[in-house]
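The values are calculated or read from the model by the stated rules, or taken from the named source; none is laboratory data. Worth saying up front: this structure is predicted, and the values here are computed from it rather than measured. Backbone-built Cβ (ideal geometry, glycine too); neighbour counts: all protein chains shown. These accessible areas exclude ligands, DNA and RNA; they are computed on the full protein's heavy atoms, side chains included. Shrake-Rupley method; radii C 1.70, N 1.55, O 1.52, S 1.80 Å.
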Amino acid sequence: MRMDELGYHHRHGLDFNIERPQGAGDWLLLLIKTPAIFQIEGEEIHATAGSYILYTSEYPQFYRTDPKHGEYIDDWMHFGPDEQEQALIKHYEIPLNKPVCLGDITGLSMLMRTMCHEFYSAHTHRVDTVNAYFHILLNKLHEQLESLAPVSVFSESNYGERLMWIRECIFRRHGYTWNIDDMAADLSLSRSRFQHLYSETFGTSVTQDIITSRIQFATELLKNPEIPIEKVAEMCGYASASYFIRQFKEQTGSTPSQFRKKI
C-alpha cells in the first residue's frame, strides 16, 4: 500500500467545500464526525455524524459543511491500495463511493489517530506499521458493517487516549495558536471539565504544557545564532517578542539573549 497523507480530527469552517470532478487521483477514506452534505451522481445526500465514505481514485468528489451544523470535522486518509488490498476490500464487500452510517466510529477514529501519529513519526518501521494498522482498520470496518453495531463505547473513562493525542500535538506543533475552548469542544467537554481531566491525567495544566513546549523549542532555536530573537518568538507561537522574552525568563531564569550567551 502507498500511504499519501493522513489527518486526524480536522475541523473545517462553514466555507469548507471540496470539488474534485475527476476524483483525487488516489483513494480517500473519510470518517465523518459531524453532519455533512455529499453529492453522489447528481443527488444531494445529507450524511450523519458517525458515517464513513471510501472514494476510489477517479470517482468525483463533492462534499461540504452542512450549514445547519456550522462546521465539519473528519479523519481522512489519501492512499493507494495494492491489488491484494483492493481484493480484500472487494471480498469484504465494503461499500464504495457513498456515505454509510455506522453509528459510533470512535474505535475506527482511534485507529486513524494511531496511524497518523506513526505516519508522521521518524520510526524506522513506520511504513510497515502503518500498513499493518491499515489492514486492522479494514478488518474493523468490515466487522462493523456486518453488525452495524458500535465497535466501542466512548465514555469519560477512556478520554485518556484523546487527551494523549492532544498532548502529543502540543509538543509537536510548537508554533500553533492553541485555544482551550476548541480543545474542550473536540472532546465534547466543557472548558472546566476538560482542564480538570487534563490536569488529572498528566499532573500539569494544559496551559503549562503549551508554555513548556514552546520554551523547549525556543531553547533549540536559540542555539542557532543566525535566527533573530523576534523570529524565534514567532516560530514558537508568540504574538510579540516582548511577551516571549518575559515568559522565557519566567521559565528558565534567563532572557533569551542571556541564554544564548551561555551556549
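Would you point out which residue out of R167, R214 is surrounded by 13 or more Cβ atoms within 10 Å (Cβ to Cβ) and either assigned to a loop (DSSP other than H, G, I, E, B) or at pLDDT below 90 (or both)? Walk me through it before giving the result.
Details: R214 fails: either assigned to a loop (DSSP other than H, G, I, E, B) or at pLDDT below 90 (or both).
R167 is the lone residue from the list that is surrounded by 13 or more Cβ atoms within 10 Å (Cβ to Cβ) and either assigned to a loop (DSSP other than H, G, I, E, B) or at pLDDT below 90 (or both).
Given (1) in a loop (DSSP other than H, G, I, E, B); (2) modelled with pLDDT of 90 or more; (3) touching a Gly at 6+ places or on another chain (Cβ under 9 Å), identify the lone condition not met by D104.
(2)
Conditions first: (1) out of contact with any Pro (no Cβ under 8 Å at 6 or more places or on another chain); (2) free of Cβ contacts under 8 Å to residues at least 60 places away in the same chain. F134 passes all but one, so which condition is the exception?
Only one criterion in (1) out of contact with any Pro (no Cβ under 8 Å at 6 or more places or on another chain); (2) free of Cβ contacts under 8 Å to residues at least 60 places away in the same chain is unmet by F134, namely (2).
When you scan region 13-32, do you find a residue that is touching a His at 6+ places or on another chain (Cβ under 6 Å), within 28 Å of H117 (Cα to Cα) and part of a loop (DSSP other than H, G, I, E, B), even just one?
Within region 13-32, the first condition is being touching a His at 6+ places or on another chain (Cβ under 6 Å), and the residues that meet it are 26, 28.
Okay, now just the ones that are also within 28 Å of H117 (Cα to Cα), so 26, 28.
Okay, now just the ones that are also part of a loop (DSSP other than H, G, I, E, B), so 26.
Checked region 13-32: at least one residue is touching a His at 6+ places or on another chain (Cβ under 6 Å), within 28 Å of H117 (Cα to Cα) and part of a loop (DSSP other than H, G, I, E, B).
What's the number of the condition T201 fails, among (1) open to solvent by 50 Å² or more (accessible area, probe 1.4 Å); (2) in contact with a Leu (Cβ under 6 Å, 6 or more places away or on another chain); (3) assigned to a loop (DSSP other than H, G, I, E, B); (4) of a type in the set (V, I, T)?
If we test T201 against (1) open to solvent by 50 Å² or more (accessible area, probe 1.4 Å); (2) in contact with a Leu (Cβ under 6 Å, 6 or more places away or on another chain); (3) assigned to a loop (DSSP other than H, G, I, E, B); (4) of a type in the set (V, I, T), just (3) comes out false.
Yes or no: I45 at pLDDT 90 or above, surrounded by fewer than 19 Cβ atoms within 10 Å (Cβ to Cβ) and assigned to a strand (DSSP E or B)?
Taking the combined requirement at face value, the residue satisfies it.
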